[in-house]
Amino acid sequence: MRRVVFNQKGGVGKSSIACNLAAVSAREGYRTLLIDLDAQANSTQYLTGLAGDDIPMGIAEFFKNTLSTGLAKKNHVDIYETPFDNLHVVTATAELADLQPKLEAKHKINKLAKLLDALDEDYERIYIDTPPALNFYAVSALIAANRVLIPFDCDSFSRHALYGLLRELEELKEDHNEGLEVEGIVVNQFQARAALPQQMLRELEAEGLPVLPVYLSSSVKMRESHEANLPLIHLDPNHKLTQQFVELHDLLEGH
Ligand SMILES: Nc1ncnc2c1ncn2[C@@H]1O[C@H](COP(=O)(O)OP(=O)(O)O)[C@@H](O)[C@H]1O
Ligand SMILES: [Mg+2]
């Protein structure tokens, strides 16, 4: 089962949510793969501790091979094993940005879906982190996935963008992936003591938007977790934010 975490807005928590849900999934025993599709490689750095030239070519090499006419290994990707049991990563690098126009020109939009078909045998759960734009990589992911999670930060600009995003997802479903399910909106950096976010969420729910009932709090633990290259479930299993991730994960898995 493949879950993509997407919102065209940056800084809403896509990478943090993809990595921490993947880490909980692995911790609960699912063979889990996180695929990083963002040239900024935040998830890659978070889960591997690698940076710059030390990061293996990963997904960029896969996409590059789809462009070559030679004997390059097609439908194959190098996988990086993290120190955490059951958690593997397909790394992202800055090369993704240079490759993008070539991949678009050659209509490679379905290649990721084909790759994931082949990986389904090895992984029970695949989480895909996306760039902050509905670009080639995000669309590839949305075509390849079964479910999409939309992180949301309760900001009024984000709210307007959210309606547009939900319309775009409907169109993408119709045109490319009828099986894609909007699994829900993940409220992130929720401030329980502020009145405005609560009111906004009540309004969204009243409008029938699929707001998931587990809200993720704002905590400095998240930054500590990034700096330590330890997902929250490993850094501090009893922390409130960690518990919210576990609750969210178990809700999505129907536990
Ligand atoms: N629940 C949270 N509490 C505190 N900080 C958070 C939380 N979620 C994300 N952040 C911080 O917000 C910033 C953006 O998060 P990130 O996951 O990189 O978003 P995106 O991938 O959507 O750009 C990061 O600095 C991250 O540490
Ligand atoms: Mg990110």
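Pairs under 6 Å by beta carbon, first residue modelled with pLDDT of 95 or more in segment 161-174, partner surrounded by 16 or more Cβ atoms within 10 Å (Cβ to Cβ) and in a helix (DSSP H, G or I), six or more apart or different chains?
Leu172/Leu142
Select, from Leu116, Leu149, the only residue that is in a helix (DSSP H, G or I) and surrounded by 13 or more Cβ atoms within 10 Å (Cβ to Cβ). So that I can check it myself, show each step before the final result.
Details: Leu149 fails: in a helix (DSSP H, G or I).
None of the others qualify; the one that does is Leu116.
Look through Val24, Val89 and report the one residue that is more than 19 Å from Val139 (Cα to Cα), modelled with pLDDT of 95 or more, open to solvent by less than 40 Å² (accessible area, probe 1.4 Å) and assigned to a helix (DSSP H, G or I).
On the way: Val89 fails: assigned to a helix (DSSP H, G or I).
Every option except Val24 fails the conditions.
Of all residues in segment 122-148, which are more than 13 Å from ligand 2 (Cβ to nearest atom), under 15 Å from Val182 (Cβ atoms) and small (Gly, Ala, Ser)?
The answer is Ala145, and nothing else.
Look at Gln191 and say whether it is modelled with pLDDT under 95 and either away from ligand 2 (no atom under 16 Å from the Cβ) or touching a helix residue (DSSP H, G or I) at 6+ places or on another chain (Cβ under 6 Å) (or both). Outline the logic, then answer.
Numbers: modelled with pLDDT under 95: yes; either away from ligand 2 (no atom under 16 Å from the Cβ) or touching a helix residue (DSSP H, G or I) at 6+ places or on another chain (Cβ under 6 Å) (or both): yes.
Considered against the rule, which asks whether it is modelled with pLDDT under 95 and either away from ligand 2 (no atom under 16 Å from the Cβ) or touching a helix residue (DSSP H, G or I) at 6+ places or on another chain (Cβ under 6 Å) (or both), Gln191 comes out as yes.
Confirm whether Gln40 is open to solvent by 60 Å² or more (accessible area, probe 1.4 Å), within 16 Å of ligand 2 (Cβ to nearest atom), within 30 Å of Phe157 (Cα to Cα) and assigned to a helix (DSSP H, G or I).
Details: open to solvent by 60 Å² or more (accessible area, probe 1.4 Å): yes; within 16 Å of ligand 2 (Cβ to nearest atom): yes; within 30 Å of Phe157 (Cα to Cα): yes; assigned to a helix (DSSP H, G or I): no.
Spelling it out, it is not the case that Gln40 is open to solvent by 60 Å² or more (accessible area, probe 1.4 Å), within 16 Å of ligand 2 (Cβ to nearest atom), within 30 Å of Phe157 (Cα to Cα) and assigned to a helix (DSSP H, G or I).
When both residues are 6+ apart or on different chains and their Cβ atoms are under 8 Å apart, which pairs have a first residue that lies in segment 201-226 and is within 12 Å of Phe152 (Cα to Cα), and a second that is among the small types (Gly, Ala, Ser) and buried (at least 17 other Cβ atoms within 10 Å of the Cβ)?
Pro210/Gly184; Val211/Gly184; Leu212/Gly184; Leu216/Gly13
Taking segment 204-230, which residues are out of contact with any helix residue (DSSP H, G or I) (no Cβ under 9 Å at 6 or more places or on another chain), among the aliphatic types (A, V, I, L, M) and within 16 Å of ligand 1 (Cβ to nearest atom)?
Passing the criteria: only Val220.
Which pairs have Cβ atoms under 6 Å, sit 6 or more apart or on different chains, and link a residue in segment 1-18 that is near ligand 2 (Cβ under 8 Å from one of its atoms) to one that is outside any helix (DSSP H, G or I) and modelled with pLDDT under 95?
none
Does Leu34 satisfy the condition of being within 15 Å of ligand 2 (Cβ to nearest atom), surrounded by 15 or more Cβ atoms within 10 Å (Cβ to Cβ), assigned to a helix (DSSP H, G or I) and within 19 Å of the chain's Cα centre (by Cα)? Break it down stepwise before answering.
On the way: within 15 Å of ligand 2 (Cβ to nearest atom): yes; surrounded by 15 or more Cβ atoms within 10 Å (Cβ to Cβ): yes; assigned to a helix (DSSP H, G or I): no; within 19 Å of the chain's Cα centre (by Cα): yes.
The answer is no for Leu34.
For Thr242, only one of the following conditions fails: (1) of a type in the set (S, T, N, Q); (2) within 27 Å of Leu166 (Cβ to Cβ); (3) buried (at least 18 other Cβ atoms within 10 Å of the Cβ). What is its number?
Here Thr242 clears every test but (2).
I'm trying to understand the selection: among the residues of segment 152-200, which are within 25 Å of Ser217 (Cβ to Cβ), basic (Lys, Arg) and assigned to a helix (DSSP H, G or I)?
Arg159, the sole residue that qualifies.
The values are calculated or read from the model by the stated rules, or taken from the named source; none is laboratory data. The structure displayed is predicted, hence computed values, not measured ones. Neighbour counts run over all protein chains shown; Cβ positions are idealised from the backbone, glycine included. Each accessible area value is taken on the protein alone, full model and side chains, heavy atoms only, with ligands, DNA and RNA left out. Shrake-Rupley method; radii C 1.70, N 1.55, O 1.52, S 1.80 Å.
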